[in-house]
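See below for the structure under consideration.
The values are calculated or read from the model by the stated rules, or taken from the named source; none is laboratory data. Not measured: the values here are computed from a predicted model. Quick reminder, even Gly has a Cβ in these numbers, built from the backbone with ideal geometry, and neighbours come from all protein chains shown.
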Amino acid sequence: MTSSLFQTVGVIGKRRDPRVTDTLAKLCALLREQRRDVLVETETARLLPAGSCVTASREDMATRCQLIVVIGGDGTLLDAGRSLSASGVPILGVNQGRLGFLVDVRPEDMGATLADLFRGEYIRETRLVLEARVRRADGGLSLPWMAVNDVVIRNQAAIRMVEFSTYLASDVGNGSGWEFISHHRADGFIVSTATGSTAYALSGGGPVVHPALAALALVPICPHTLSDRPIVVPASRTVRIVLGALETGATMTCDGQIGTALSPSDAVEIRRSPQDLVLVHPRSYSYFELLRDKLDWGRNPVGMPKK
């Protein structure tokens, strides 16, 4: 008897990348064998023969699917996560990229993983998502920009530093006031979630933050004062970054994929989104095993506790 768990499954593949085609076709076949209704993202469907699948927009998938499977690298999952996190639909990642911190299922393991998933044998995890708004110097306020990994402020010219000040809301939410953190002169600044702590923030000298922690890492990029070090703050507080009055050419990017230009004296306000991103993992998933594999940490334990 086939379980009805995750009856309608959406499929998203790396955009315009024919290398995922074989895995995409195999995944659709495996889902049909499990008697699932399969919806393939409209753009992803271009990688498959015409008429071979039922297509849907991401907006439709958010309302009709109980599970989304993403095929690609971490960048593909970040893109899907930003657009689907508000729906609460869980996402499973199949790795056809390089590092694969978020897409943790190998293509050859898809069949066994899906069978376990449909029996209810999986790990469900939530990851906080960021909302960044630009408060313009002229008083305008942008719509929120979403980020799963990080929000980064830096100059569009690679050789120019940025001058800015940072603040933390004095209480939970947007805050009735702001507590001044520091004035910075640096190549840029990263506000990272725990998910993003193993990405750009780690390369910038930031800490690895366990995803169970509701915390943000604030990481200066190549600061011009050596004592300007990364700090970790609660995700319940809004972070505010105010550009200097003479600062031109700065930009804000989210997950390194989307962004907007900034003007002198603009402020970027970054807070936790009300809706977390939901991920599902194979039952064998281990965060620290992932770190040992991707970061080449030591593998030989001493004094392992007995079960």
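Observations, loosely collected:
- Every condition in (1) within 26 Å of the chain's Cα centre (by Cα); (2) in contact (Cβ under 8 Å) with a residue 24 or more places away in the chain is met by residue 185 except one, and the failing one is (1).
- First in region 281-307 and of a type in the set (Val, Ile, Thr), second anywhere and modelled with pLDDT of 90 or more and not in a loop (DSSP other than H, G, I, E, B), Cβ under 9 Å, 6 or more apart: none
- For region 37-68, a residue qualifies if it is closer than 19 Å to residue 276 by Cβ and assigned to a strand (DSSP E or B), and the qualifying residues are 67, 68.
- Set 123, 221: member being among the β-branched types (Val, Ile, Thr), modelled with pLDDT of 95 or more, outside the structural domain of residue 246 (by TED's automatic domain parsing) and farther than 18 Å from residue 266 by Cα: 123
- Some residue of region 89-98 being in a loop (DSSP other than H, G, I, E, B), of a type in the set (Gly, Ala, Ser) and closer than 19 Å to residue 283 by Cβ: no
- Condition met for residue 31 (of a type outside the set (S, T, N, Q) and closer than 23 Å to residue 98 by Cα): no
- Total residues in region 209-226, condition assigned to a loop (DSSP other than H, G, I, E, B), under 17 Å from the mean Cα position of the chain (by Cα) and surrounded by 13 or more Cβ atoms within 10 Å (Cβ to Cβ): 4
- Which listed residue, of 83, 57, is within 23 Å of residue 255 (Cα to Cα), within 15 Å of the chain's Cα centre (by Cα) and surrounded by fewer than 21 Cβ atoms within 10 Å (Cβ to Cβ): 83
- Among (1) part of a loop (DSSP other than H, G, I, E, B); (2) buried (at least 19 other Cβ atoms within 10 Å of the Cβ); (3) not assigned by TED's automatic domain parsing to the domain that holds residue 144; (4) not aliphatic (A, V, I, L, M), the one test that residue 206 misses: (3)
- Those residues of region 227-241 which are assigned to a loop (DSSP other than H, G, I, E, B) and not hydroxyl-bearing (Ser, Thr, Tyr), in sequence order: 228, 229, 230, 235
The rows are residues; the columns are (1) closer than 17 Å to residue 146 by Cβ; (2) assigned by TED's automatic domain parsing to the domain that holds residue 148; (3) of a type outside the set (Ser, Thr, Tyr).
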position: 212; (1), (2), (3): no, yes, yes
position: 226; (1), (2), (3): no, yes, yes
position: 245; (1), (2), (3): no, yes, yes
position: 259; (1), (2), (3): yes, yes, yes
position: 284; (1), (2), (3): no, no, no
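- When 264, 234, 274 are screened for being without any contact (Cβ under 8 Å) to a residue 24 or more places away in the chain and under 23 Å from residue 143 (Cβ atoms), only 274 passes.
- Note on region 125-176: residues that are β-branched (Val, Ile, Thr), buried (at least 17 other Cβ atoms within 10 Å of the Cβ) and either closer than 14 Å to residue 244 by Cα or without any contact (Cβ under 8 Å) to a residue 60 or more places away in the chain (or both) amount to 3.
- Taking first residues from region 242-260 that are free of Cβ contacts under 8 Å to residues at least 24 places away in the same chain and partners that are not in a strand (DSSP E or B), the Cβ contacts under 7 Å between residues at least 6 apart in sequence or on separate chains come to 245/264; 245/265; 248/264.
- In this structure, residue 24 does not satisfy being surrounded by fewer than 22 Cβ atoms within 10 Å (Cβ to Cβ) and either more than 21 Å from residue 119 (Cβ to Cβ) or among the aliphatic types (A, V, I, L, M) (or both).
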